[in-house]
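Presented below is the structure to which this report refers.
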Amino acid sequence: MYGILSFLCGVLIAITFFMNGQLAAFSTPVLSSFIAHFIGMIVSGFLLITFVRKKKDTATKAPFVSYSSGIFGAFIVICANKAINTSLGISGTMIMILIGQIVCSLIIDAFGFFGMERKTISSIQLIELLFIISGSFCILFLGK
């Protein structure tokens, strides 16, 4: 179930990046990011009002750093908007984003950043990472 949801997130991210990149081509990456996040805020507010019935006090217990994700989200959209409208296109931009996510995730796991449980990175995972990076660069540079 979670695998399907994760796959759906990947599909939605690619479509969203296309839409944001298209909007950025007709305006600016910053304006496109603002519009995307403003509309997202409205939709999130609607979903919150519609589907969240019980009050939770967990938001007040969340670590302070948790509230900074919106800052990262804004920069992600702005950077992706700039990259999509170049020779990288959507596929190249997504490949580089995925490589960045995988490398950063491994580092967070290995060192236990942000309060995460430390996990040992195996040599197999490093070999898998090399395959992912090699295959990604083949798509980026040999496919042209």
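The values are calculated or read from the model by the stated rules, or taken from the named source; none is laboratory data. Model, not experiment: these values are computed from the prediction. Glycine gets a Cβ as well: all are built from the backbone with ideal geometry, and neighbour counts include every protein chain shown.
Numbers at a glance
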read-out	value
Residue in the stretch 106-120 that is more than 18 Å from residue 10 (Cβ to Cβ), exposed (fewer than 11 other Cβ atoms within 10 Å of the Cβ) and modelled with pLDDT under 90 present	yes
Residue within the stretch 29-44 that is modelled with pLDDT of 85 or more, in contact with a Ser or Thr (Cβ under 9 Å, 6 or more places away or on another chain) and among the aliphatic types (A, V, I, L, M) present	yes
Every pair of residues 6+ apart whose Cβ atoms lie under 9 Å, when the first sits in the stretch 65-91 and is more than 13 Å from residue 18 (Cα to Cα) and in the same structural domain as residue 13 (by TED's automatic domain parsing) while the second is charged (D, E, K, R) and part of a helix (DSSP H, G or I)	none
Boolean, residue 130 is aliphatic (A, V, I, L, M), modelled with pLDDT of 85 or more and surrounded by 15 or more Cβ atoms within 10 Å (Cβ to Cβ)	no
Only one of 27, 6, 69 that is surrounded by fewer than 16 Cβ atoms within 10 Å (Cβ to Cβ), more than 30 Å from residue 135 (Cβ to Cβ) and small (Gly, Ala, Ser)	27
So residue 133, is it closer than 18 Å to residue 22 by Cβ and out of contact with any strand residue (DSSP E or B) (no Cβ under 9 Å at 6 or more places or on another chain)	no
Residues located in the stretch 1-48, provided they are of a type in the set (Gly, Ala, Ser) and more than 17 Å from residue 76 (Cβ to Cβ)	3, 6, 25, 27, 45
Given (1) more than 22 Å from residue 136 (Cα to Cα); (2) assigned by TED's automatic domain parsing to the domain that holds residue 138; (3) surrounded by 15 or more Cβ atoms within 10 Å (Cβ to Cβ); (4) not small (Gly, Ala, Ser), index of the condition residue 102 fails	(1)
